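Asker: There's a structure below that I have some questions on.
The values are calculated or read from the model by the stated rules, or taken from the named source; none is laboratory data. Bear in mind the structure is a predicted one, so any value in this text is a computation, not a measurement. Methodologically, a virtual Cβ is constructed for each residue, glycine included, from the backbone with ideal geometry; neighbour enumeration extends over all protein chains shown. Ligands, DNA and RNA are excluded from the accessible area calculation, which covers all protein heavy atoms including side chains. Shrake-Rupley method; radii C 1.70, N 1.55, O 1.52, S 1.80 Å.
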Amino acid sequence: MMKAVGIFSRKKASRPLKDYYAQWIAALKNTLLPILRRSMLVSPPALLTSHVEMLHHHFLAYYEALDLAASDDVAQLLYPEWRNSLERPFLWLGDFHPYLFTNLLRSFLDDDDVSDLEIGGNSEFFNKPWQIAMAWENPSETLTNRVEQIECGLRLMVPALMVRAWDAQAGLIDRLAVDWVKYEGKKEGAKEALGEAMEAQTEEMIGVFADANRLRRSVLADILSATNVFQAALFLEGLAQFLVGFRDPELLSEFEQCKMPLT
């Protein structure tokens with residue numbers, strides 16, 4: 001199965017990111033997510049650990065593809081026209097905002113549904129393995145402190161990367177304005193100056209996207225290292241379900257037909 005996941009390690013940017021992502025999300029929905037869910041119900045912890053690692057590697061392969069796509073043509077990440085209307089509000093520097101990871105994690109930490117299920121005698125609760133049903137009940141102080149550290153790191157890194165992106169764009173505009181005056185609008189000189197300015201701005205934006213992607217990888221890895229295998233499995237199930245849901249045709253149709261403006 002690890003060999004099957006390996007086909008999504010995109011060693012060459014030989015196809016559009018849109019096509020790659022469509023296949024990546026299909027593998028997540030049709031193969032990896034069902035395997036993980038079955039493992040949570042019947043598999044021993046060792047096998048569940050293996051399937052958690054498979055899903056993690058699937059995400060890492062996608063982030064590798066993002067890096068390659070940025071180095072090929074960073075504009076396809078700046079202006080991802082192939083993303084649908086449900087996905088776009090959640091995008092940040094080329095892909096989903098890392099706050100998605102921490103907000104999902106926080107929803108598990110703050111969830112009190114387990115106690116309600118115990119009181120109500122809900123059959124769904126009793127049909128789950130004990131370790132899964134109780135995975136997020138009374139999280140340790142060590143885990144909650146680690147989550148706070150991850151969130152603190154994001155609050156520092158996200159604004160810093162946004163400033164770099166804005167500075168790169170502002171620098172390009174300033175450079176073009178100066179060069180335009182310098183060459184008095186002459187075509188040849190202005191063209192050369194424009195090319196140099198665009199090249200410098202592109203290199204900086206590739207660096208910004210690479211660091212944003214590195215941040216996403218880091219946050220995901222930090223969450224998985226801070227949680228036990230049962231917590232990690234539930235977290236990855238929720239994350240995968242979230243991403244797959246963005247591509248659900250029925251949900252997307254309902255969203256696009258909604259007349260109420262988003263706030």
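Asker: Among the residues that make up the range 123-141, is at least one of them acidic (Asp, Glu), assigned to a helix (DSSP H, G or I) and modelled with pLDDT of 90 or more?
Answerer: Yes; the residues of the range 123-141 include at least one that is acidic (Asp, Glu), assigned to a helix (DSSP H, G or I) and modelled with pLDDT of 90 or more.
Asker: Pick from ASP111, ASP73, ASP67: which is among the acidic types (Asp, Glu) and touching a residue at least 40 places away in the same chain (Cβ under 8 Å)?
Answerer: After applying the criteria, what remains is ASP67.
Asker: When only residues in the range 27-42 that are open to solvent by less than 30 Å² (accessible area, probe 1.4 Å) and without any contact (Cβ under 8 Å) to a residue 40 or more places away in the chain count, which is nearest to ARG83 (Cα to Cα)?
Answerer: The residue in question is ALA27.
Asker: Right, another one. In the range 16-26, which residue that is touching a helix residue (DSSP H, G or I) at 6+ places or on another chain (Cβ under 9 Å) and surrounded by fewer than 17 Cβ atoms within 10 Å (Cβ to Cβ) is nearest to GLU81 (Cα to Cα)?
Answerer: Among those that are touching a helix residue (DSSP H, G or I) at 6+ places or on another chain (Cβ under 9 Å) and surrounded by fewer than 17 Cβ atoms within 10 Å (Cβ to Cβ), it is LYS18.
Asker: Identify all residues within the range 147-204 that are among the hydroxyl-bearing types (Ser, Thr, Tyr) and modelled with pLDDT of 65 or more; write none if there are none.
Answerer: Result: THR202, single match.
Asker: Please go through (1) buried (at least 16 other Cβ atoms within 10 Å of the Cβ); (2) closer than 19 Å to ALA232 by Cα for ALA46 and return the number of the only condition it doesn't satisfy.
Answerer: (1) is the only condition that ALA46 fails.
Asker: While we're on this one: Can you name the residue in the range 197-217 that is open to solvent by 40 Å² or more (accessible area, probe 1.4 Å) and touching a residue at least 12 places away in the same chain (Cβ under 8 Å) and, of all such residues, is nearest to TYR62 (Cα to Cα)?
Answerer: Once the filter is applied, the top-ranked residue is ARG217.
Asker: Hey, another quick one. Say we look at the range 49-75 and pick out the residues that are touching a Gly at 6+ places or on another chain (Cβ under 9 Å) and part of a helix (DSSP H, G or I); which of these is surrounded by the fewest Cβ atoms within 10 Å (Cβ to Cβ)?
Answerer: Selected residue: HIS57.
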